[in-house]
Each structure stands twice: as C-alpha cells, then as structure tokens.
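The values are calculated or read from the model by the stated rules, or taken from the named source; none is laboratory data. None of these values were measured; they are calculated from a predicted model. All Cβ positions, glycine included, derive from the backbone under ideal geometry; neighbour counts span all protein chains shown. The protein model used for the area step is the full one, side chains on, heavy atoms only, and it has no ligands, DNA or RNA in it. Shrake-Rupley method; radii C 1.70, N 1.55, O 1.52, S 1.80 Å.
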Amino acid sequence: MTRTRMRAGIVTAAAASAIALTVLAPASASWGTCDGGSGGTAATGSGSSCNSGRYINPFRHQSWYAGRIDMGVDYMPNHRYPVRAIGKAKVIGSDSRSGWPGGHFVWYKLLRGDHEGNIIYVAETMKRLVPRGTIVGPGDRIATALPHGTGIEMGWANRRGVTRASRCYSEGMETHSGKEMGRFLKELGADVIKPVRHAPDYPTGKRC
C-alpha cells in the first residue's frame, strides 16, 4: 500500500462523519445503457459517455443514499447490494487490507466504449471483492456493499490504484476529479447530490 493511498484513506475517514446524504429514487433510476454504433443514446442523459460502448447505471433497482462529492462520489446503501461494474472491464487491483475506511478498495479498467482505458475505483465498506485479473461485463458484481460504516466512494484512479485527486486533496474539498465522476454517473441515470453541469464526464484537466 502506497503512502499516497494511506493518506487518502485517512482523509476520507475524517470526512465521513460530515457526509451529507440524500435518498436516491430507485423508481426513477434506469440502467442508462449506452449501446454501441452510430446514433447511440443513453436511456437518461445525452453526454459523451453514450457515444459508443455500453455502460449501465450501477445503482439500478437499488435503494442508495447519494452523498457528497470529494475525491469521488460517496454513496450509502440502504441494504446489502452488489457493487456493479459500469461497463465491460478488467479488474486491475483488489485490496481488502487498504488504508481506506472499511479496508476495501477495488479498481477496474473499462475495455469498451468512449471511456475505454479509464480506470474507476470503488472503496470503503464492502466485502467479497472479485480478484485481480477478473474480466467483468456491464452490471456484473465486483464487490458487495454493506449498509453501515462509511458506505462506498466511486471515482477515477490510475493503474496503481491511487485516486486521481489524492495528491492535492484536503479535508472537505470538492474536487474537479469528483465532479467529473459525478457528471459521468449522472448521465448514466444515477442520483448525484449536487448538479454537475460544468465538468467533463471523464478524467482530464486539473485534479482538484
């Protein structure tokens, strides 16, 4: 475990107690499927995430609370739920002894669509992480989220599993990287506590 990841975990733990939550509306959620080929559009939203490939809303038909945006986007499950891959992907890291609250951290690389090559992390209160090297499809389970502790955080990472904003993040900061993930999730039909209108839906530009 790198010192950067440990620092990110400590900061996130300190921030968790101040998390602001809003309930998701499962009835209005959709898979937000983006089908490949020309003219492909999302079931909800029309962002660049839907130009090609197939991505899904990972919270479809589940009851979650959307939390704040920091290094990524925070969510708390109302029940025990599978954590689902957004698209076809390869799990490039799976750590159940990380420095994050809850101790769990998994990250995967998207293999299809216009976000191909982007790496997404999911961290915190989970169990049953799939092992490194696993190939998963859209909607496949990569871990199981638990309805206690700090919930989960989802955001962008690099191949080593270091969160994109970890170098510049400080307590309570709403980062550019977090907004980018919020925009991506919103376009797929997920709830986000704060509207994200002026950020790309992929990791680019400034980190914080």
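Points to keep in mind about this one:
- In this simple spin-label model, placing a label point 7 Å from the Cα along the Cα-to-Cβ direction at both Leu111 and His198 gives a separation of 3.9 nm.
- For Ile92, residues with placed amide H under 5 Å, excluding near neighbours: Trp107, Tyr108, Lys109, Gly133
- Distance between the pseudo-spin-label points of Arg160 and Lys90 (7 Å out from Cα toward the beta carbon): 2.0 nm.
- Isotropically averaged projected area of the range 41-178, using the convex hull of Cα atoms (one quarter of hull area), nm²: 7.8 nm²
- Positive minus negative residues near Lys194 (Lys, Arg vs Asp, Glu; Cβ under 12 Å): +1
- FRET efficiency for the pair Arg167 and Arg128, taken as 1/(1 + (r/R0)^6) with r the Cβ-Cβ distance and R0 = 25 Å, rounds to 0.25.
- q = 0.14, 0.17, 0.23, 0.24 Å⁻¹, the range 117-208: log10 I(q)/I(0) [Debye, one scatterer per Cα]: -0.56, -0.84, -1.41, -1.47
- Apolar share of the accessible surface for the range 69-169: 43 percent from carbon plus sulfur atoms, 1.4 Å probe.
- Under 16 Å from the Cα of Lys88 - lysines, other chains or at least 8 residues apart: Lys109
- For the range 57-175, the solvent-accessible area works out to 37 Å² per residue, with a probe of 1.4 Å and every protein chain left in place.
- The range 171-186-the range 90-158 distance, computed between alpha-carbon centres (Å): 17 Å
- Two-site label geometry, Ile135 and His61: point separation in nm, points 7 Å out along Cα→Cβ: 2.6 nm
- Phi-based couplings in Hz for the range 194-202 (Karplus 6.51, -1.76, 1.60; Gly and Pro marked x): 10, x, 10, 10, 10, 9, x, 9, 8
- Potential lengthening of the chain between Thr144 and Glu174 amounts to 8.2 nm, from the contour at 0.36 nm per residue minus the alpha-carbon distance.
- Candidate cross-link partners of Lys127 among the lysines, defined by an alpha-carbon separation under 19 Å and a same-chain spacing of 8 or more, comprise Lys90.
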